[in-house]
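The values are calculated or read from the model by the stated rules, or taken from the named source; none is laboratory data. Every value quoted in this text rests on a predicted model; they were computed, and no experiment measured them. Here the Cβ positions follow ideal geometry from the backbone for every residue, glycine too, while neighbour counts run over all protein chains shown. The accessibility values were calculated without ligands, DNA or RNA, using every heavy atom of the protein model including side chains. Shrake-Rupley method; radii C 1.70, N 1.55, O 1.52, S 1.80 Å.
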Amino acid sequence: MKKISLLGATGSIGTQTLDVIRKHPEEFKLVALSVGKNIDLARKIISEFNPELVSVQTKKDYDQLRLEFASDTKLTYGEDGLVEVAVYEKSDILVNAVLGSVGLFPTLQAIKAHKVIAIANKETLVTAGHLVMNEAKQQQVMLLPVDSEHSAIFQCLQGEQDKNIERLIITASGGSFRDKKREELKEVTVKDALSHPNWSMGAKITIDSATMMNKGLEVIEAHWLFNLPFEKIDVLLHRESIIHSMVEFQDGSVKAQLGTPDMRVPIQYALSYPNRISLPSSERLDLAKIGNLHFETMNFDRFYALKLAYEAGKSGGTMPTVLNAANEVAAGAFLNERISFLQIDELVEKALERHNVIKHPDLDTIRTVDIETREYINSLL
């Protein structure tokens with residue numbers, strides 16, 4: 001039985017991870033978890049799974065839950081609490097499903113504690129991919145991708161040699177506004193943006209999907225996970241979200257991983273790797289029923305955030321940190337109806353243009369740049 005620590009248990013990936021654990025009690029046990037602001041859901045999770053360690057975001061929630069669960073569960077809070085969950089001595093695997101750059105430091109600490117990392121937190125690799133991958137290499141720790149696109153690439157590469165890879169092809173649904181021209185996006189609402197055609201995801205990642213920043217972050221993440229230059233990572237618009245990504249090899253062969261849009265599949269694969277186990281509740285892929293699959297090249301003028309992400313990734317150093325921090329604040333401002341949809345890209349571009357890149361930044365530098373970027377974007381709102 002594999003023992004699991006889970007950062008971000010009440011989020012979209014976190015709750016689907018719990019569903020996988022729930023369906024396979026003989027395979028997995030949840031021993032430690034962190035939660036954010038959804039304390040009502042946290043209570044239900046604690047009651048159902050009876051974890052040994054729980055971290056909450058604030059001292060107030062810590063004090064409240066300690067009155068309710070302290071006899072059975074150790075409680076902690078804040079960033080120290082996230083780290084405590086990440087390195088919990090009884091866990092075998094850390095699932096990093098938190099949203100944002102807050103997941104970086106706990107992940108680095110978990111690697112140092114020799115935990116296998118199932119990573120769903122894009123921002124960890126976007127902001128500090130060089131630090132994370134170097135630490136993982138030194139500690140000989142495996143990073144297992146949870147994002148459907150990176151899981152697809154990882155699965156396609158099983159049994160293959162890295163030297164034979166020609167390029168990675170990451171697929172994109174196109175998000176909520178894929179059929180709209182850029183000039184038609186001036187008046188779109190938050191409600192419009194949150195109506196994703198294929199996937200059920202959290203609010204922020206759904207906004208990122210609509211701007212295509214989500215795909216840009218995935219490109220940077222793929223660069224670090226699979227050690228390939230950006231020139232060998234392409235994005236292809238694929239409306240059905242059936243092919244989750246592909247790998248082209250030097251001989252012209254292309255491997256693709258296909259499946260219905262269900263995040264529990266890559267989550268479970270990361271937890272059960274190198275084995276596969278049944279997931280009977282997942283809808284089976286019926287290609288005859290689907291009939292046709294469609295593909296289109298990505299238009300960088302239309303999906304401007306994707307262009308910004310490629311540029312930031314190629315610049316390297318602290319530029320992806322700026323990209324991520326600016327986008328987090330701007331996307332949050334749109335969700336709170338403080339800016340228009342197109343202003344998300346505009347604010348991110350302003351942050352990138354004003355930043356002087358720092359090559360090979362250490363963790364303190366990354367944190368400083370992250371904070372300064374957030375302050376700058378907030379000053380423009």
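Looking at this structure, is Val188 of a type in the set (A, V, I, L, M, F, W, C), surrounded by fewer than 18 Cβ atoms within 10 Å (Cβ to Cβ) and over 21 Å from Ala97 (Cα atoms)? Spelling it out, Val188 is indeed of a type in the set (A, V, I, L, M, F, W, C), surrounded by fewer than 18 Cβ atoms within 10 Å (Cβ to Cβ) and over 21 Å from Ala97 (Cα atoms).
I'd like to check something: does the range 74-86 contain any residue that is open to solvent by 30 Å² or more (accessible area, probe 1.4 Å), part of a helix (DSSP H, G or I), farther than 18 Å from Ala270 by Cβ and among the aliphatic types (A, V, I, L, M)?
No, the range 74-86 contains no residue that is open to solvent by 30 Å² or more (accessible area, probe 1.4 Å), part of a helix (DSSP H, G or I), farther than 18 Å from Ala270 by Cβ and among the aliphatic types (A, V, I, L, M).
Restricting attention to the range 323-336, the residues that are in contact (Cβ under 8 Å) with a residue 60 or more places away in the chain and open to solvent by 10 Å² or more (accessible area, probe 1.4 Å) total 3. Among the residues of the range 120-139, those identified as among the polar types (S, T, N, Q), buried (at least 17 other Cβ atoms within 10 Å of the Cβ) and either free of Cβ contacts under 8 Å to residues at least 12 places away in the same chain or assigned to a helix (DSSP H, G or I) (or both) are Thr124, Thr127.
Residue-wise test of (1) of a type outside the set (A, V, I, L, M); (2) within 17 Å of Met298 (Cβ to Cβ); (3) modelled with pLDDT under 95; (4) touching an Asp or Glu at 6+ places or on another chain (Cβ under 8 Å).
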position: Val219; (1), (2), (3), (4): no, yes, no, no
position: Ala222; (1), (2), (3), (4): no, yes, no, yes
position: Leu228; (1), (2), (3), (4): no, no, no, no
position: Ile233; (1), (2), (3), (4): no, yes, no, no
position: Leu236; (1), (2), (3), (4): no, yes, no, yes
position: Ile243; (1), (2), (3), (4): no, yes, no, no
position: Met246; (1), (2), (3), (4): no, yes, no, no
position: Gln250; (1), (2), (3), (4): yes, no, no, yes
position: Val254; (1), (2), (3), (4): no, no, no, yes
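Cβ-Cβ distances below 7 Å connect the following pairs, each with a first residue in the range 150-169 that is of a type in the set (A, V, I, L, M), a second residue that is open to solvent by less than 10 Å² (accessible area, probe 1.4 Å) and part of a helix (DSSP H, G or I), and a separation of six or more residues or different chains: Ile153/Ala222; Leu168/Ile153; Leu168/Ala222.
Pairing each residue of the range 342-361 that is more than 11 Å from Ile377 (Cβ to Cβ) with any residue that is surrounded by fewer than 17 Cβ atoms within 10 Å (Cβ to Cβ) and of a type in the set (Gly, Ala, Ser), provided the two are 6+ apart or on different chains, yields C-beta distances under 6 Å for Val357/Ser315. The set of residues from the range 221-244 being assigned to a strand (DSSP E or B), over 22 Å from Ala128 (Cα atoms) and open to solvent by 30 Å² or more (accessible area, probe 1.4 Å) comprises just one member, Leu236.
The residues listed here are Ala42, Ala9, Ala70, Ala32; of these, the one that is free of Cβ contacts under 8 Å to residues at least 24 places away in the same chain, among the hydrophobic types (A, V, I, L, M, F, W, C) and over 23 Å from Arg374 (Cβ atoms) is Ala70. What single numbered condition from (1) assigned to a loop (DSSP other than H, G, I, E, B); (2) in contact (Cβ under 8 Å) with a residue 60 or more places away in the chain fails to hold for Asp262? Of the numbered conditions (1) assigned to a loop (DSSP other than H, G, I, E, B); (2) in contact (Cβ under 8 Å) with a residue 60 or more places away in the chain, the odd one out for Asp262 is (2). Within the range 94-108, being in contact with a strand residue (DSSP E or B) (Cβ under 8 Å, 6 or more places away or on another chain) and open to solvent by 10 Å² or more (accessible area, probe 1.4 Å) holds for Ala97, Val98.
Here's the yes/no breakdown for (1) open to solvent by 80 Å² or more (accessible area, probe 1.4 Å); (2) of a type in the set (Ser, Thr, Tyr); (3) more than 24 Å from the chain's Cα centre (by Cα):
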| position | (1), (2), (3) |
| --- | --- |
| Tyr269 | no, yes, no |
| Thr297 | yes, yes, no |
| Gly313 | no, no, no |
| Thr321 | no, yes, no |
| Arg338 | yes, no, yes |
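Scoring Arg276 on the criteria (1) open to solvent by less than 70 Å² (accessible area, probe 1.4 Å); (2) assigned to a loop (DSSP other than H, G, I, E, B) leaves a single failure, condition (1).
State yes or no: is Val254 buried (at least 18 other Cβ atoms within 10 Å of the Cβ) and touching a residue at least 60 places away in the same chain (Cβ under 8 Å)?
no
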